[in-house]
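Read the structure below first, then the notes.
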Amino acid sequence: MRTHRRSKLLRIGALGAALAVTVGLSGTALAHHDEPPALLEEMQGDALGSLPVVKGPFPDTENMRFLGQIDPDAMGALPIPGVFDKGMLNDIWGWTSPAGQEYALVGTTAGLAVVRVTDPENPAFLGSLESQAPGNIGNLWGDAGVFGNFAYFTSEIVDSEVEVVDLSVLDALGPAPSPDTVLSAPNFRFSSGGYRSAHNIMVNEDTGFAYVAGVRLAAGAANNACGLETPPRFNTLIYDLNSDPTNPDVAACLPNVGEHDFYPVAYTGPDARFHGHEIVFVFDGRDRAGQAVGNPIGGFTEIWDATDKNNIEVLASFRIPELVFSHQGWTTEEQDYLFINDELDELVAAGWLPGLFAQPVDDPTRTPATGTYIVDIRELDNPVVVERFEHDTVSIDHNFIVKGDKLYQANYTSGTRVLQIERDAAGMVSLRPIAHMDTEPRLPSKILNLNQELKFGTAFLGQWGVFPLFDSGTIVASDRNNGLIVMRLSDEPCKGIKCSS
């Protein structure tokens, strides 16, 4: 990549500091099985492997309506021997057919499950892809993206391939007769560019480019698109889905960058210099260079102009002092503000993970508030941190999506959280909680308290992902233990049991 030759000063507004923008690159996720075995032992625990499914409606609900639910087992999720004794879910995406049928694409520990949610009170499981390695720990992490009538599914299974499903056949399928039903649709696989596994895939449906994060590459300069004899662990592959959606060309290979997630957009925001460009927001986990010298620091977030895949320009590369792990993000619809979540800052503030992902805190809070970072990106090459918005919950935040003027978050043990995006007279953005549904009521906000009876990984139960982008207003979320949750915002204010009446 060629570094952009504009100003390299990052202004940290509310934090009252200035940092030099660098092109340093970072990150590995907690959810990667490259971590020490002892960490996995802490993550499993009895609670993770044996909790029964909790059925909705859920008591801790406000201004949302519970509509339906499907257990992980009913979608064919499989146990991971030696880790989990039952199947679990991971990420989620959605697709609407040309005829208007709505589908949830649900990652499970057995592959990608497809559920028709056109009738949200009666979600219908249609079948799932077979895992490329049943029982492999890499099945704990899966991610799906969509381009046209095709879905793309990646996982952390080493030496797997990107799976492609032709979704155009789904409208003709009836409900699956059993949870182990293999999805009867044309399926394809590819590993072009030296792909061996990935943590995540994000597709820019406007441009037809897929951004694949945390990619393992085949060794040998002739075997991977980066041309490296010994590739680093974390790399980016960009695929051009326009050329052949079932076996796409590699548009770019970027070594040692893009460890965790991307948010690519066809830019229409306030920075007129980049109108019509493909802008990519890069969430690069933690700073591996700092860790290598025993000095863990927060990870980098980057902003790329990726219009020319042969000459990707880094417009900004910045590190927020409070942020531990640059995990995932999304912009406002106006593309003038960026929201970032940090999967680990709550744990570090609570006194957990000492020295593993960040410097240990001197005075752990024990019950730190969930946080969402807000960044002013009205000038793409000069981002300004506005604040760390603090929720009224104590849980880890995970994946989120913006739809209209609302931010929909899947926050592990506090469930779906809906935040109103508000603007003052000057256009400054702030957040206000307006609705929620906690789908893991056994794990209250005290989960981050240092209770020795609670295993580390218990904090990672609950919701992994949420998808609110259906035109119908149906919202689907993946609760790791309790399954696919189907819901919507309530037409009238409600709280608790009144939300289910």
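If the chain between residue 425 and residue 243 were fully stretched, how many nm would it gain, using 0.36 nm times the residue separation less the Cα-Cα distance?
61.0 nm
Assign one of three labels to the range 290-428, namely rounded, prolate or oblate, based on the Cα gyration tensor with a ≥ b ≥ c the square roots of its eigenvalues; rounded applies when a/c is under 1.5, prolate when it is not and a/b is larger than b/c, and oblate otherwise.
Cα axes put the range 290-428 in the oblate bin.
Greater than 22 Å separation of Cα atoms is the criterion. Which listed pairs, 55/403; 55/498; 309/406; 406/495, meet it?
Flagged as over cut-off: 55/403; 309/406.
Would you tally the net charge around residue 60, using a Cβ to Cβ cut-off of less than 10 Å, leaving residue 60 out, and scoring K and R as +1, D and E as -1?
Here the count lands on -2.
Hey, can you rank 460-473, 335-348 by average C-beta count inside 10 Å, highest first?
Per-residue Cβ counts within 10 Å, averaged per peptide and sorted highest first, yield 335-348, 460-473.
Pull out the extension gain between residue 490 and residue 168, defined as 0.36 nm times the separation in residues minus the alpha carbon to alpha carbon distance; nm, one decimal.
That pair, residue 490 and residue 168, stretches by 112.8 nm at full extension.
Please list, in order, the residues from the range 109-127 whose amide nitrogen is less than 17 Å from a point placed 7 Å along the Cα→Cβ vector of residue 471.
Under 17 Å, as judged by backbone N against the label point of residue 471, lie 117-120 of the range 109-127.
Relative to the present Cα-Cα distance, how much length would full extension add between residue 206 and residue 230 at 0.36 nm per residue of separation?
Using 0.36 nm per residue and subtracting the Cα-Cα distance, I get 5.2 nm.
Tell me whether the range 41-177 comes out rounded, prolate or oblate; compute the Cα gyration tensor, take square roots of the eigenvalues as a ≥ b ≥ c, and use a/c under 1.5 as the rounded threshold.
Since a/c reaches 1.5 but b/c is at least a/b, the shape of the range 41-177 is classed as oblate.
Under the Karplus relation 6.51 cos²θ - 1.76 cosθ + 1.60, θ = phi - 60°, what is the ordered set of whole-Hz ³J(HN,Hα) values for the range 93-100, x standing for Gly and Pro?
9, x, 8, 10, 6, x, 7, x
List the aspartates and glutamates whose Cα lies under 19 Å from the Cα of residue 86, skipping any in the same chain that are fewer than 8 positions away.
Partners found: 41, 42, 46, 71, 73, 130, 156, 180, 440, 479.
Less than 15 Å Cβ to Cβ from residue 123, Lys/Arg counted +1 and Asp/Glu -1: what total charge do the surrounding residues give?
-2
How charged is the neighbourhood of residue 428? Take every other residue with its Cβ under 14 Å from the Cβ of residue 428, and add Lys/Arg as +1 and Asp/Glu as -1.
-3
Run the paramagnetic zone check for residue 192: 7 angstrom along Cα to Cβ, then residues of the range 165-183 with backbone nitrogen under 17 Å.
Label zone hits: 165-166.
Quick one: 3J(HN,Hα) in Hz for the range 470-480, Karplus 6.51/-1.76/1.60 with θ = phi - 60°, rounded, Gly and Pro as x.
Karplus values, whole Hz, x for Gly and Pro: 5, 5, 5, x, 5, 10, 10, 9, 9, 8, 3.
Taking H as built 1.01 Å from N, whose amide H comes closer than 5 Å to the amide H of residue 159, not counting residues under 5 places away?
197
Read-outs throughout are calculated quantities, based only on the coordinates presented, and are distinct from any laboratory measurement. Everything numeric in this text was worked out from a predicted model, so none of it was measured. Heads up, the Cβs are rebuilt from the backbone with ideal geometry, glycines too, and the neighbour counts pull from every protein chain shown.
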